[in-house]
Amino acid sequence: MIIPHEKFEGIYWAYLEDESKSLATKNFAPGVKVYDERLINYMNTEYRLWNPYRSKLAGAILNGLKEMPIKPSKKVLYLGSATGTTVSHVSDIVGEKGIVYAVDIAPRVMREFLTKCVQYRKNIIPILADARKPKSYYNLVDEVDVIYADIAQPQQATVVAENSEFYLKKGGKILFIIKAMSIDVTKKADITFQMEINELKNRGFNIIQTLNLEPYDIDHALVLASY
């Protein structure tokens, strides 16, 4: 059985044979898997189970995310698209009328992303670029409702803030994954999280919620903030 999530539009609960339940999204590309996720047909609609151990956004939802700014018809700038695991679920959620601008710096990863994900999903615009240089894709990206960032490099908050200055509408939201060990392996994760949050505050963001992503990801946090 599949039922809509009690809070978040475009997200579902799948109740499984073993009496467990899993997050799921409605498959934008029926019949196509992105990361070996399970597909379920229910009432003539195909859904994809959303694995929190493979997708930090799913982990954040299970850990109590207060608000989900990624919704049907929204425009999303996704920094650090990698091979498309989470991007594909974002694509499912925003649907036919939404757009996901997906930025990644690595050509090999981008090729896999194009093959496994983008070719089946017309609502994703792939951008091979460095997220530290937001001006370099200025002619490709419109103003967006949400920025989702999952990038493995130092000064992550600075990158998010600079992209927000270019592309995020006033009152828009960010979902920012802080990867503590990519910033400073010598500091405790909680200290690094606070440093990045302070940087966002200094850049004018209003912090709505900070979530530790354990047990799904160690030394990672998600920050939800408004601009």
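Given that compact globular proteins tend to follow 2.2 N^0.38 Å, what is the ratio of the alpha-carbon Rg of the chain to that value? Its radius of gyration relative to the 2.2 N^0.38 Å reference: 0.97. Computed about the Cα centre, the dipole magnitude for the chain is approximately 540 debye when only Lys and Arg (+1) and Asp and Glu (-1) carry charge, each at its Cβ. Placing unit charges on the Cβ atoms of the charged side chains and taking the dipole of the chain about its Cα centre, the candidate lying farthest along the positive direction among THR86, LEU224, VAL146 is VAL146.
Altogether, the Stokes-Einstein calculation at 4 °C and 1.567 mPa s, with the Kirkwood radius of the stretch 142-202 over Cα pairs as Rh, returns a diffusion coefficient of 108 µm²/s. Could you compute Rg(Cα) / (2.2 N^0.38 Å) for the stretch 1-123, with N its residue count? Ratio of Cα Rg to 2.2 N^0.38 Å: 1.01.
Our coupling estimate for the stretch 139-151, obtained by passing each phi through the Karplus curve with A = 6.51, B = -1.76, C = 1.60 and θ = phi - 60°, is 7, 10, 10, 7, 4, 10, 7, 9, 10, 10, 10, 9, 10 Hz, Gly and Pro reported as x. So which lysines can LYS116 reach, going by Cα to Cα under 21 Å and dropping same-chain residues fewer than 8 places off? Hits, sequence-local ones excluded: LYS26, LYS33, LYS56. Look at where the Cα atoms of the stretch 74-108 and of the stretch 141-213 average out, and the two centres are 17 Å apart.
Per-residue ellipticity at 222 nm computed for the chain from its helices equals -7000 deg cm²/dmol, with DSSP H segments shorter than 4 residues left out and the rest contributing -39,500 (n - 2.57). The ranking of LYS33, LYS56, LYS122 by Cβ neighbour count inside 10 Å, starting from the fewest, reads LYS122, LYS33, LYS56. Please build a GNM for the chain, connecting alpha carbons under 10 Å apart, and tell me which residue among GLY172, GLY84, GLY64 fluctuates the most. Highest fluctuation among the options: GLY64. Within 10 Å of each candidate Cβ there may be at most 10 other Cβ atoms; applying that plus a DSSP loop requirement, which GluC sites (Glu not before Pro) in the stretch 86-150 survive? Sparse-neighbourhood loop GluC sites (Glu not before Pro): GLU96. Among 71-81, 194-204, 213-223, 153-163, the peptide with the highest mean count of other Cβ atoms within 10 Å heads the list, and the full ranking is 71-81, 153-163, 213-223, 194-204. Which residue fluctuates the most in the chain, going by a Gaussian network model with Cα springs under 10 Å, if the choices are TYR120, TYR167, TYR148? Comparing TYR120, TYR167, TYR148 in the GNM, the peak value goes to TYR120.
Springs between Cα atoms under 10 Å define the GNM used for the chain, and in it the highest mean-square fluctuation of THR86, THR210, THR45 occurs at THR45. Stretching ASN41 away from GLU165 to a fully extended chain increases their span by 40.5 nm, per 0.36 nm per residue minus the current alpha-carbon distance. Of all DSSP beta bridges confined to the stretch 57-226, the antiparallel ones make up roughly 40%. Each label was represented as a point 7 Å from its Cα along the Cα-to-Cβ direction; for ASP190 and ILE3 these points are 3.7 nm apart. Placing +1 on the Cβ of every Lys and Arg and -1 on the Cβ of every Asp and Glu, with no other charges, gives the stretch 1-132 a dipole of roughly 460 debye about its Cα centre.
The modelled label-to-label distance for the pair ASP18/ARG111, using points 7 Å beyond Cα in the direction of Cβ, is 3.7 nm.
No value in this document is a laboratory result; all are computed from the given coordinates. Everything numeric here is computed off the predicted structure, so don't read it as measured data. As a convention, Cβ positions derive from the backbone with ideal geometry for all residues, glycine included, and neighbour counts pool all protein chains shown.
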